[in-house]
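Below is one structure, written out as structure tokens; the observations come after it.
The values are calculated or read from the model by the stated rules, or taken from the named source; none is laboratory data. From a predicted model like this one, the values you see are computed outputs, not experimental measurements. Every residue, glycine among them, receives a Cβ derived from its backbone with ideal geometry; neighbour counts consider all protein chains shown. Surface accessibility is based on the protein's heavy atoms, side chains included, excluding ligands, DNA and RNA. Shrake-Rupley method; radii C 1.70, N 1.55, O 1.52, S 1.80 Å.
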Amino acid sequence: MGDFSLGQKIILWVIPLIFAITVHETAHGWIASKCGDPTAKLLGRLTLNPIKHIDPIGTIVVPAILFFLGGFIFGWAKPVPITWRNLKNPRRDMALVAAAGPLANLGMAFLWVAVAKLGIGLHSAPFAYMGQIGISINLVLMLLNLIPIPPLDGSRVVASLLSPAMAYRFNQLEVYGFLILVLLLASGLLARLLGPILQGLLSVFFRIFGL
């Protein structure tokens, strides 16, 4: 796809990453508002302005370190505040709110397909490369957030299927969630778990859309 300098590669990675995280969080807040909770809207978080969603550590520092180390790259934004008591049907609606983030990333992956196809059609290596990176980043974030470890989105869906007592005990794991993710990443288990699934999805995307 062409040779790029380090600075160019950083730009071509940063743009899809910021959009992936921004759309993910906005989707959470938008579905919450549709389900009766206006918290995110009142706090100005129903916006695609990335500045409103950037977390200095999760959006900048961690992805940068992982980029330079090579391998599995992910990040996160400031979580959109959700007041579950405002939801019309809290147990059901929390699952819908949680699922909105990964589904938004899946939708974004298809949009980046269009960017990649445009780049190929225009013989623009940067656009084609950025489009393919956008597909990869969004599929990674989708898969990562579907892991049922609190506070990831997959855990919210699982909790909605449990009894209130079991959901309460399950959600108590949240204090250890970040540590568990770090251990999975450091041990290589996260890459071994998600790697084959990611490669399968990428293969399907690239084959279907001729990338």
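Assorted remarks:
- Those residues of segment 190-211 which are under 17 Å from L141 (Cβ atoms) and either among the aliphatic types (A, V, I, L, M) or outside any helix (DSSP H, G or I) (or both), in sequence order: L190, A191, L193, L194, I197, L198, L201, L202
- Criterion: touching a residue at least 40 places away in the same chain (Cβ under 8 Å) and either more than 17 Å from I21 (Cβ to Cβ) or surrounded by fewer than 17 Cβ atoms within 10 Å (Cβ to Cβ) (or both) - qualifying residue of M94, M108: M94
- Across segment 100-155, the number of residues qualifying as over 11 Å from the mean Cα position of the chain (by Cα) and either within 30 Å of R169 (Cα to Cα) or of a type in the set (D, E) (or both) comes to 7.
- Residue among A100, A167, A104 that alone is in contact with a Ser or Thr (Cβ under 8 Å, 6 or more places away or on another chain) and modelled with pLDDT of 95 or more: A104
Here's the yes/no breakdown for (1) hydrophobic (A, V, I, L, M, F, W, C); (2) more than 22 Å from A128 (Cβ to Cβ); (3) surrounded by fewer than 18 Cβ atoms within 10 Å (Cβ to Cβ):
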residue: T26; (1), (2), (3): no, yes, no
residue: C35; (1), (2), (3): yes, yes, no
residue: A40; (1), (2), (3): yes, yes, no
residue: L43; (1), (2), (3): yes, yes, yes
residue: N49; (1), (2), (3): no, yes, yes
residue: W84; (1), (2), (3): yes, yes, yes
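- Filter result for the condition that a residue is at pLDDT 90 or above, charged (D, E, K, R) and out of contact with any Ser or Thr (no Cβ under 6 Å at 6 or more places or on another chain), over K34, K78: K34
- Residues satisfying the stated conditions in segment 51-63, i.e. open to solvent by less than 40 Å² (accessible area, probe 1.4 Å) and modelled with pLDDT under 85: D55, G58, T59, V62, P63
- Of the listed requirements (1) under 28 Å from M130 (Cα atoms); (2) surrounded by fewer than 10 Cβ atoms within 10 Å (Cβ to Cβ), F209 misses just one: (2).
- Residue in segment 112-121 that is surrounded by 23 or more Cβ atoms within 10 Å (Cβ to Cβ) and part of a helix (DSSP H, G or I) present: yes
- Filtered residues of segment 122-160 (kept if open to solvent by less than 10 Å² (accessible area, probe 1.4 Å) and of a type outside the set (A, V, I, L, M)): G131, G134, N138, P150, G154, S155
- The residue that is surrounded by the most Cβ atoms within 10 Å (Cβ to Cβ), counting only those in segment 1-24 that are over 18 Å from the mean Cα position of the chain (by Cα) and in contact (Cβ under 8 Å) with a residue 60 or more places away in the chain, is M1.
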